[in-house]
Structures are given as C-alpha cells and as structure tokens.
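Here is the structure we will look at.
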Amino acid sequence: MGFYEKLMSLDRRWVYLCVAIAVVLPFLLEEFGVPIFIPPYITPEVKSVYNFVEKLREDDVLFLAIDYDPMAKAELHPVARAVLKQCFKKNVKVIISALSQNGPGMAEQLISQTAKEYNKVDGVDYVYLGYKPFPALVIMGMSQNFKLFFPKDYYGTPLDSLPMMAKVRNIKDTKGVIDVAAGSVADMWINEGAGRYNYPLALAVTGVMAADYYPFLNSGQLFGLVSGMKGAAEYEYLMEKGGYMKKEEFDASRGMPIQMFAHIVVILFIIIGNVGYFMSRRKKS
Amino acid sequence: MRRQLPILVVFISGIFMAIQYFVPSEPAEFVQEYAMDWVIVIGVFAMGLGLWSLTKVNWIKVQRQTPGWGYNLVTILGMVFMLVVGLIWDPGLGFFPGEKSQVSGTWFMNFFWYIYLPIQTVMFSLLAFYIASAAYRAFRARTILASILLVTAIVIMLRLIPLGAVSGINQWLANWILIVPNMAAKRAIWMGVGLGMVAMALKIVLGIERSYMGRD
Amino acid sequence: MSLVDFMWMSIGALLTLFTFSYLYKDNPFYKFAEHLVVGVSAGYFAVLLYYSSFMPKVIDTVFRPIEWKYFILAFKQIKPEYLLAALKGSQWWYLVPGILGVMMWTRFSRKLSWISRFSLAFYMGIGIGASIPLTLQNYVLKHLTSTIQPVNFTSLTGIWRLLIVILVFCTLVYFFFSREHKGAFGASAKVGIWVLMIAFGAGFGLTVMGRVALLAERVIFLRDYWVELKYFLYMLFKYGMLL
Amino acid sequence: MIWVIAFAQEESPLPPSQVKVKDTPNDNGHSLTITWKSSPDSAKILGYEILRSDSPDGEFKVVGQALATDTLYKDKGDKEKESPNYFPSHKNFYYKVRAKTDGLSSESEISLPAYAFQQWYHAGKTPVLVAVLIFSTLTLIFISKAKKGKELYVRPLAGIGAVDEAIGRATEMGRPILFILGLGTAADIATIAGFTILSRVAKRTAEYKTRIIVPCNDPIVMAVAQETVKAAYMDAGRPEAYEEKNIFFLTSMQFAYVAGVNGIMLRERTATNFYMGLFYAESLILAETGSIAGSIQISGTDQMSQLPFFVAATDYTLIGEELYAASAYLGREPLLLGALKAQDWAKGILLICLILGTIFTSLHLDFFANLFKFSLE
C-alpha cells in the first residue's frame, strides 16, 4: 500500500485519539495554568447587539427578557450576564422580566449577584419584574403598561413606589428589548411584541434554534442575534476589548477552544482523506 | 378469523379515531382520553412480555454455559435487582408506595445515578468520536453529490474557526445555506414524509397492507 | 462528600472508563458495562412504568376506590346491592384496557398467542387512526402554508423566498416514484437531490458542536472525580502515617 | 412621581359599549365568548376586567382581564364538576365589562344572557378534513385501478436494489442479518413502515436460510415483529425455520439499547444491517459500529435530523418518503403500487397549490393561501 492509499484508510482509532487530544488538551493546559484563548471571528449580528448597548447613554433604560430555564443555562447565561454587566458599568438602567416557568429564581440569582458587583440598587438602577404565565399576553401587556401584569415587582414592591419606573410606563418608553430565550417565547417577542408595538428587538438564542431566526434578521425585524455558546463567546470578546470584562471572567469563551480544536480535527481528517483519494487516483491514471 | 377479525378491529378503531379528531364535543373528548389510556395500559402489560423475553434469551445462554455466559448472568441480575429494590425493598410502604422510590439515596436511585446514567451519557458522548470518524470515512469527493455534502459540511464547521476575512464570507454563506436550501429541503422532506405516512396509515387501516398481522 | 457518595462516584467513574475503553476495541470491561446497563435499564424502566402508568391507570382507577368492606359483605351475605355500593367510586371501565393488557400475555403460550393480536390491533388502530388527520395537518398543510409567502424582486428576503419555493418544488419532484426522471422533470429532480445533500451536509456540520460539548462534559466529570480521588488518597496517606 | 399624581386627578374613563355574549364555537361547551366595542377613552385606560353573574341583579364577579386593545374575551372553564373552575353548559350567564385606569373604573351595561353548548364539528379543521378526504379518495381510486391489472411504472431506488444483494452476501458468508426497528412504538407509522419492510426481508432470509436477528426497544414492537417474521416464514413455506428467540426485547432506554445492539453487531458479526424506522441520536453510533464490524448497511428514516448521519455512514439510505414506499417496491404487489401512484398525485396537487399560492399571495390576493389555513381554536 502506497502512502496515499494509507492516508485513505487510516485506522479510525487515530481519529479518535486526535479528537480526544483536542478535547482534553485545553483542560490540561488550564490545569497547568496556561489557559488558551483564541480571539473569535466577530459576526455582524453579535456586533450590532453590542453596539446597541454601547450607544446607550447614562440613565437610558434597556429591557432585558430572560426567557430560559436552567436547562439552557450553559448556553444562555453568559450573554445575559454580559449584557447586564455592560449596562451596569455604563450606568444604563435595566428592566428585567423572566417569562420561562422555571427561570425566575435563576434570573434573580444572576441579577442580584451582578448588581452587587457594581453596587447597583434595586428599584433605582434596575427593576426585576419576575414571572407571569401566558407569555404572549404578558408581552403585549408590558408593551402597553407594565402595571397591567406587574403591579408589583418580583420582591413585592409596588411599581408606583419605584423611582426608576416614574419615567417608563411601558416597553415603548425603553430604548429597546434584548430577549435571551430558549423556546417559543422568542417568536412571541417578534410577533406580539416588536411586531405589534414597533420597538427595537434583538435575540440571544440557543445554537439549535438560531437557524430559525436568521430570516427575521434579514428582514430587519431583529437588529441583532446572538446564537448559542459561540455568539456568547463573541460577545465576551467584545466586552473584553471594550474594557467591560477581564479574561478571567470569561464564561462561554472557555469552552470555545475545545470546540475550535475539535472542528479543526474533523476538517483536517476530511482533507487528509480527500488528499489521499485524489493523489492515489492520479497515480493510477 | 384469527387474522381477519384483528384487521377489522384495526379498521374500526382507526376510522373511529380519525373521525374523533374533528369532533370537539365532550363525549368525543372523553373517548379520546380513554382510548389513549388503552394504549398506555396495553403498553404497561406488554412490559411483562419484554422482561420475560430478555430473561429467557439470557437464561438460555447461562444454562447452556455458552462462552461468556457470565455476562448474561450480569444482565439478569441487574434487571432482577432493580425490580426487587424498585418495587419491594426501597419503597417499604406496602402495596401502594406512590412515588417514594424516586427519593435519592435509595439503592434504586443510586443505581440509576451511578450505574445507568454514566454508561448512558458516555454512550451518548461517543458520538463526538464517531462524528469525526464518519466524516473522515464518508466525505470523499467521489461524486458530485458526495462533493456537495462535503463542502457544505465544511462550510458550516468553519464557522467556529476564526480565519479573518474568509470568516466573513463563510459566515454569510453558512447562514444562507441554513435559511435557504436547508429550509427548502426540510419543508420538502416533511411534506413528502407527511404524504408517505398518511398513505401507509391508510393502507394499514383499509387492510391493504397486512403483513404485520401474522397468519392463521 | 461522604465516603458512601465517594464510593458511588468511583463506581460511576469506573464504568465511564469501561465504556470509553470500547473505542479501542471490544473487551471484557465493555462487555460487563454493556450487559449491566441493559439489565439495569430494563428493570429501571419497568419500575418507572409500574409507578407512572400501571398505578394511576389501573390500580387508582379500578381497584383503589372499591369499598372492600362492602365487597366482602356482598359475597358473605350474598347481597348484590352491597356489590353496587362497593363499586360506586370505581371507574370499572378501565378494566377493559386492563383485560386487553392481560390478553398480551397469551403470547407466553404458542397455541393461544393469536389472542394477543386483538390487543395489538387496538393499540395500532388507535395510534394510526389518530395520526391520519394530525399528520396531514402538521406535516403537509402547515409546511405548505409556511412556504407560501409573498415574493418580490426588490428585496433579498423576497428573492430568497422565491428561491425557497423553487427548491421545495425541485425537492418534491425528486420524491416522485411513478415517473421516470427524464428531461425537465429529471433536471428538477437532480436539483432536488442536490438541495437534499446541501441540507444533509449542513445538518452534519451543525451537530458537531453539540456532540463535542457532550464529550467535554464527560471529561469534566472525570476531572472532578480526579480531584476527589486525590483528596481521598491524601487523607488515606495522612491517616496511614499516623497509624 | 409627577406622572402618578397626574393620573390620580383624571376622571373615570368612559365605559365600553355593546357587550355581547355568545357560545364559543368549536369547543366542548364550557366556554362563552364576550365581545364589546372599546371605550372611547381606550388611549388612557390600562385594560378591561370581565365580570360574570348568573342573574342580572346578582353579584358580578371578575372572571378575567383583557388588554386595552382587546375587544374579545373567552371565558373558559373546566368540564369536571368537582373542579373549582367548573363552567356549566346550558346555563345562562350575564356579563359586564369594566374599563380600568389606575384607580378609577367604569362599567358597561349588562349583556343579554347566553349559555355555552358543545359542537359536533370543528369548523376550523375543515382544510384538514378536505385534505383527508381528497387523499383517501385518490388512494381508493388508484387501488381499484390497480386491481383491474393496470401496469404501473416505478422508478428504481438504489437502496431497494441493494436489499437482495445484501441478503445474498450474508448467506454466502454464513452470517446473520440484523434488523433494527428504531426507537418508535408500534403506533408510530415509521415503525410500521419498518414492519412492512421487515416482512419482505424476512421472507427472503427464509428462502435463503439465513438467520435474521431483531433486537427490539419496545415490547409491543417485539410482539408485532414476531408476528411479522413468523408470517413471512410461513409465506416462504418454511415455518419450521422460524425461531422466536431471534426476535427479542433488549431494553427501552435509548443508549442502553444502543450498547446492547453494538454488542450484538460485534459478537454475532452480522453481515448486513438494516435500520428502518424512527431513529434519534443513536443513528450514528449504530452505523459506525456496523461499519467497524464490516457489515453492509441499509438505512431508512423520516427523521430529518438523523438523515445526514445515515447518508454519510451507511451504504444506502431511504430518505424520508422513500421509507414508506419501500414495502411497495419490495413486495411488487399491484395494490401497494397503486397507493404509491396516489401519493404522487397528491404531491402533484401540492406543487400546483404551492405555485398558485405563491403567485396569488405575491399579488396580495390572500384568499388562496387562506384555503389551507386551519385553526385549532
């Protein structure tokens, strides 16, 4: 068997070995204190979400919808956290809702933790509305008046008594909505929310869902889209470049080297196989 | 009769359920819920058959001491152990133990967490290796079709690898593939599958296809 | 972490390694793990089915509501009206599927096994019948309506929509069975199979990420175990020195 | 804060008018639909409250809320008498609608009474019913045509052509054939398509005297598979060769089942593997293990997400609809081929609707697309 034929019929255990190395290597390097970081390619749809928040001025209000449950935490938590950090650092005010049934507790943890980091006060710098069932209805309601479904916030304080809510009556009074969602709530924000009441909307969704939402990006119904772990890693990188985040705080980006290496391994083996195929065919002819 | 009558039963129950779908009234609703329970209850009793089959196949090997019969014994013991702790030992509340067997720390749940789940998740994660070896083995540009398959797969995978300006074009191409040809193929497959499924269902209900119902 | 938890986690880690060893080649460790998981999971599922389906659908509907006091009296004193009182709360009609279920067990006997065909017939008939309208609705009509979109030549969205319609058309043409793929018909079918291959390539490429994440998760599990193990060995060593 | 005070000084809003109640259509008779004309002050109101009573001078209780832009509300309850949310049929109810601002409100006049009753036909599902009727008629027409002995052409399918060759290969090698019916239940149509293919394959293995192994993931699937194979052996005239122990149950849990099947492939060294039915993530594990064991593999599934892996890792794949057509191809029975012709006609109709629909919709004539729109409400 010639060299090229051998390239075509490598024992598959070599492939396994390379995949194993690609996955284990980043862990080992981290163990020895040399974490790898490869700057990702920044897609325009993530960049536009970042820029949107970046352009907000002090005391502007952003609406952040946290519509996922702990099942999708690994993929979506990093984006939600990054957006919150960016806002808090810029002194942008945030209103947050959590319309996924098992999500509110998790969202509360994230918010109070991040707020503590930046010394932000509930009711002054941010408001957490919490959960109400029937998301489509709640979204329409919030677009008209927050008090319709949330006379009180998550902690039981009447909205009227929150200084921050004096200026904002409904979502249209905010600068826009960033919805971090796993599941059909994203569709409801597009159709029932931004579609009816016409405010800027961006989505952050899981990797599996992303393909379904690109058409909305093209048609202009969304101004940005962050898809899964990869989008989150891009966002974190932008945050780092903008000085909002340190590399040690990275969350999604830590998993990315593994993904990159594994993808490179797969592509390399496809190339090896094809080089072997073409060269051995050329030799024959 | 042993074959015709069951096929008649399929016909009647099939037509009945198909019509029921268009009737919103309360009796129809009751019938639908009741019929779904039939399916569940028959399935539960059938589990007895399944366990019997698993035991028999393995027990024959143990009895004849065919090579590797020890492993077959492991299967039987594992199954019997789970049944015993799950139904009798762990709940410890007599005949109607409710959901007590789900309590963590019991033998039943420990076996689930530390024996069943690790093996199951590892089997699942083997896919990471297999997806690489399958790509290596199958993605050869032998024909036009194989080349298309290979190129699109690479375009999609390259999204994750930063390549400067190339990434920009690649990203656009990948998104286009996902929202145009990918979407079109999915819709066409689903519509075709829908027609195929209904045709198959009609053939069964009307008794044209009866190869599954045995002989007299 | 308590010692008991540590022991269980060790079993989990060991079985993880056993199963991974299969990648190199089939071996006794994998064989053991495989046979064990088949038995344990079959037993697990049966127990689950017992509590989640048999109890609520048979015991709780038919038997639990029976007033056994009256039931026994009815036979002792031969008074049928007591029987009625005993059965008052019972949803006795759930006995029908129960009987069909028991009929499945005639398969244990070679001679009577044909009786089980009635249970199978109900099972399949109900499932198939219900799926006829549902399939046409959810597979055919739904995707037909979502493909029909206004197209135009002035925006990218409009052009892509038109392209989707054309590609759906070609792909469906590929699935025609009773016409030879020749001429224009054959050309569309050819485009159709290309579209299919593009979609399959995309599907393949998209899945890699999720699968790699699963593997990474297992590596994290083993790494966490390694930390525990180091601690355990350290403690063992320390106390060993003391002794 | 200024905003709050400004609100409190407002006068109460004008009430909504023309409150009408009627039975909610297409339901089981435990719901009423209330409609109204929105309040002239709809710009400043927060929303509406819907109130219900069983007599015009009785106590009205709030049963629901609606948005300021709404003019319709469905008052829906449970059918169980024991439920606290029980909504009786055939009982008259009166309604009022209350417009609400921050602290103030005003009520509409009381509606005329109405009662809820059940329907015997769901009008929203008419497009589905029409589709079922058209498709059934087509099938019946072409089957009766086929009965008259009309010859039908079917184009060749690669996967089907390979079946005989694959069985022959197993026979030559003296090794068994493995048939996997996937993870579906016997009520899933993909699995049933698997049975119909199994029947034809088993008939040939009976003729060739080759062993066929069918490990199952569901006990009922096992029972049906046993019936199928037994009948196939009888048809082939070799009932004595049928062995029930080759069609057995493994386990119902996905990856435990895969582990078991992997073991069978490697140790029985199956020459040919068939995968026909409903498959999920395990598809690639099965196909790769089969390829390690050196088996010829023929697969078929309707699961879009798994087709890429079958296409890449097995030798032949029946894509989507082809899985359902396979039994007709293998059996060559005229009736089944007739049904295939009906499928093609249905596809033709679908294509015409697609093109016409796109043209009409692009010209802003929505009536055509609306013909296919069903509603489950």
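Overview of values
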item: Helix runs (DSSP H) in chain D reaching 20 Å along axis by Cα, Kyte-Doolittle at least 0.0; result: D:126-147, D:158-173, D:189-208, D:219-235, D:254-268, D:334-362
item: Net charge dipole size for segment A:203-285 [Lys, Arg +1 and Asp, Glu -1 on Cβ; Debye, nearest 20]; result: 820 debye
item: DSSP H segments from chain C that extend 18 Å or more along their own axis, Cα-based, with Kyte-Doolittle mean of 1.6 or above; result: C:3-20, C:156-174
item: Peptide ranges C:155-161, C:31-37 listed from the most packed, as the mean C-beta count within 10 angstrom indicates; result: C:31-37, C:155-161
item: Estimated [θ] at 222 nm from DSSP helical runs (n ≥ 4, -39500 (n - 2.57)) normalised by residues in chain D, nearest 500; result: -13500 deg cm²/dmol
item: Using alpha-carbon coordinates, inclination of helix A:12-31 to the longest axis of chain A, degrees; result: 50 degrees
item: Dipole-positive endmost among B:Val205, B:Ala138, C:Leu242 within the protein assembly as shown (Cβ charges, Cα centre); result: B:Ala138
item: Of D:Phe279, D:Ile189, D:Val229, farthest towards positive along the dipole that unit charges on Lys, Arg, Asp, Glu beta carbons give segment D:152-332; result: D:Val229
item: Likely footprinting exposure, D:Ser291, D:Ser42, D:Ser144, fewest C-beta neighbours within 10 Å first; result: D:Ser144, D:Ser42, D:Ser291
item: Cα gyration tensor of chain D - equivalent ellipsoid semi-axes, whole Å, descending; result: 61, 25, 21
item: Separation between Cα centres of segment A:100-118 and segment B:43-65, rounded to whole Å; result: 51 Å
item: Straight-distance crosslink candidates among lysines, where the alpha carbon sits under 24 Å from A:Lys132 and sequence neighbours closer than 8 are dropped; result: A:Lys73, A:Lys93, A:Lys147, A:Lys152, A:Lys167, A:Lys172, A:Lys175, D:Lys44, D:Lys61, D:Lys74, D:Lys76, D:Lys100
item: Dipole magnitude (debye, nearest 20) for segment C:154-243, charges at Cβ of Lys, Arg, Asp, Glu; result: 120 debye
item: Charge dipole of segment D:297-377 about the Cα centre (unit charges at C-beta), most positive-ward option of D:Ala369, D:Ser327, D:Gln303; result: D:Ala369
item: Eligible lysines near D:Lys148 by straight Cα distance, threshold 16 Å, same-chain separation 8 or greater; result: D:Lys341
item: 222 nm mean residue ellipticity, helices alone, for chain A (DSSP H n ≥ 4; -39,500 (n - 2.57); rounded to 500); result: -16500 deg cm²/dmol
item: Mean Cβ count within 10 Å, highest first, over the residues of peptides A:238-245, C:71-78; result: A:238-245, C:71-78
item: Helix A:44-55 axis, angle to chain A major axis (alpha carbon atoms, nearest 10°); result: 30 degrees
item: Radius ratio Rg over Rh of segment A:159-285, counting only Cα atoms, Kirkwood formula for Rh; result: 1.20
item: Helix A:228-241 vs. chain A, principal-axis angle (Cα, 0 to 90°, nearest 10); result: 80 degrees
item: Filter on A:Lys283/C:Lys190; C:Lys25/C:Lys230; B:Lys56/B:Lys203; A:Lys55/A:Lys230 - keep pairs with C-alpha separation over 25 Å; result: A:Lys283/C:Lys190; C:Lys25/C:Lys230; B:Lys56/B:Lys203
item: Residue-averaged [θ]222 nm for chain B, counting only DSSP H segments that reach four residues, each worth -39500 (n - 2.57); result: -24500 deg cm²/dmol
item: Size of charge dipole - the protein assembly as shown - debye, nearest 20, with Cβ of Lys, Arg +1 and Asp, Glu -1, no other charges; result: 3420 debye
item: For residues of A:213-225, the mean tally of beta carbons on other chains within 10 Å; result: 3
item: Relative contact order (percent, whole number), chain C, Cα cutoff 8 Å, 6+ residue spacing; result: 10 percent
item: Anchor C:Lys111: lysines whose Cα lies under 16 Å away (excluding residues fewer than 8 positions away in-chain); result: D:Lys230
item: Segment A:44-249 shape via C-alpha gyration tensor axes, a/c threshold 1.5; result: rounded
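Bear in mind these aren't lab numbers, they're just calculated from the coordinates by the rules spelled out. Predicted, not measured: the structure shown is a model, and the values here were computed from it. For neighbour counting, all protein chains shown are included, and Cβ atoms are generated from backbone atoms with ideal geometry for every residue, glycine included.
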